[in-house]
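First comes the structure, then the notes that go with it.
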Amino acid sequence: MNDKLLVTFSPHIRDEMTTSKVMLHVVYALLPAVAVSIYFFGAYAVKTYVLTIFFTLFFEYLFQKIRKRDITLHDNSALVTAILLAMNLPPNSPWWLIAVGSFIAIIVGKQIYGGLGQNPFNPALVARVFLLISWPAQMTAWIKPVPLHKSFFFDAVSTATPLGQAKAEIISHGKIVGEYNELFNYIGGYMAGSLGEVAAFAIILGGIYLLIKKIISYHIPLSYIAGFLIIVVPYWFIYPEKTLNPIVHLTTGGLMLGVFFMATDMVTSPVTKKGQLIFGFGCGLLTAVIRIFGSYPEGVSFAILIMNAFVPLIDYYLRPKSFGEVVNEK
């Protein structure tokens, strides 16, 4: 029989790219940033990554076992969540903080909605915000980086992030009094921060890899940065003493991680290109507003979660019309 006469169920066009392979590509893209964070934070970073991966995979397995669902660890989505969660934590996070964060990310942020593909909010960011609100002291306990060639095991010395220090100066003095011109250190990762905040260039390399592999498209990253700069650049020109240089803003904090890995989450971002542009632009605007006008120095997590809540609305109004569909105009 001629194959053209066969009637089958959709999908009719298939691709070899599976969910598991997509997640592995994301893991590969994150490896440069993982390596940089280990280079600067040594054993602290290794401990945080290992414990986060262990607890995250454990809670995914345990929940599905208790609920008598198929075990889906093979899709690698929990592994991606684990690495992203670790990158949102301070290098010397206590084990119990990592365990609680992993539970929130997997159970509250993902599994209670039905698992992968059903969660409306990015699981790693849900966990980060929960931990930040519940234990702000532990979530802002930053340490000074020590390059790997100097020591793998070292005594942690508390310090502030560039964004945190600048915000503290603005609150206490009404303006920025320090100098924040170490751009090479900021881009290279030699600064305090969470594991995913200290490697802007490595994060960008990973983002380029995802773009080349067509795991993500340029729409969200480009519109995110545009929405951020449209607020920050004019404000910096008018009030240079009240906010950091836009380049410093882009290379410090979790902005690059949010731009390429958190906001582009396929499950929690719009499906249409126009929707992605709106989504990314909104993330950028909110991040800039929180950083400049809020008391909290960072704003990426809150911005993305807020825009996650608008994704169903964006998809509803921007969904393409079906062929032959009649639109009722009132």
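Computed quantities for the displayed model
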read-out	value
Some residue of region 223-243 being surrounded by fewer than 16 Cβ atoms within 10 Å (Cβ to Cβ), within 19 Å of I204 (Cβ to Cβ) and either under 19 Å from the mean Cα position of the chain (by Cα) or not assigned by the TED database to the domain that holds L85 (or both)	yes
Extreme residue, farthest from the chain's Cα centre (by Cα), among residues of region 288-311 that are assigned to a helix (DSSP H, G or I), closer than 21 Å to G174 by Cα and touching a residue at least 12 places away in the same chain (Cβ under 8 Å)	I292
Selection from region 26-45 of residues that are surrounded by 19 or more Cβ atoms within 10 Å (Cβ to Cβ), within 15 Å of L84 (Cβ to Cβ) and of a type outside the set (S, T, Y)	V26, A29, L30, A33, V34, A45
Considering residues of region 250-267 that are assigned to a helix (DSSP H, G or I) and either open to solvent by 10 Å² or more (accessible area, probe 1.4 Å) or outside the structural domain of I216 (by the TED database) (or both) only, the residue nearest to V27 (Cα to Cα)	F261
Test: residue in region 268-287 that is without any contact (Cβ under 8 Å) to a residue 24 or more places away in the chain, under 15 Å from the mean Cα position of the chain (by Cα) and open to solvent by less than 10 Å² (accessible area, probe 1.4 Å)	no
Residue that is farthest from A156 (Cα to Cα), among those in region 188-214 that are in a helix (DSSP H, G or I) and open to solvent by 10 Å² or more (accessible area, probe 1.4 Å)	I212
Cross-chain or 6+ apart pairs with Cβ under 7 Å, region 191-219 first and farther than 17 Å from P91 by Cβ and outside the structural domain of V46 (by the TED database), then of a type in the set (G, A, S) and open to solvent by 10 Å² or more (accessible area, probe 1.4 Å)	F201/G188
Qualifying residue in region 174-185 (condition: closer than 19 Å to G253 by Cβ, among the acidic types (D, E) and either outside any loop (DSSP other than H, G, I, E, B) or touching a residue at least 60 places away in the same chain (Cβ under 8 Å) (or both))	no
Unmet requirement for I290, which otherwise passes all of (1) among the β-branched types (V, I, T); (2) modelled with pLDDT under 95; (3) open to solvent by 10 Å² or more (accessible area, probe 1.4 Å)	(2)
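The values are calculated or read from the model by the stated rules, or taken from the named source; none is laboratory data. Keep in mind the model is a prediction, meaning the values are calculated, not measured. As a convention, Cβ positions derive from the backbone with ideal geometry for all residues, glycine included, and neighbour counts pool all protein chains shown. Remember, those area values only see protein heavy atoms, side chains included, never the ligands or the DNA or RNA. Shrake-Rupley method; radii C 1.70, N 1.55, O 1.52, S 1.80 Å.
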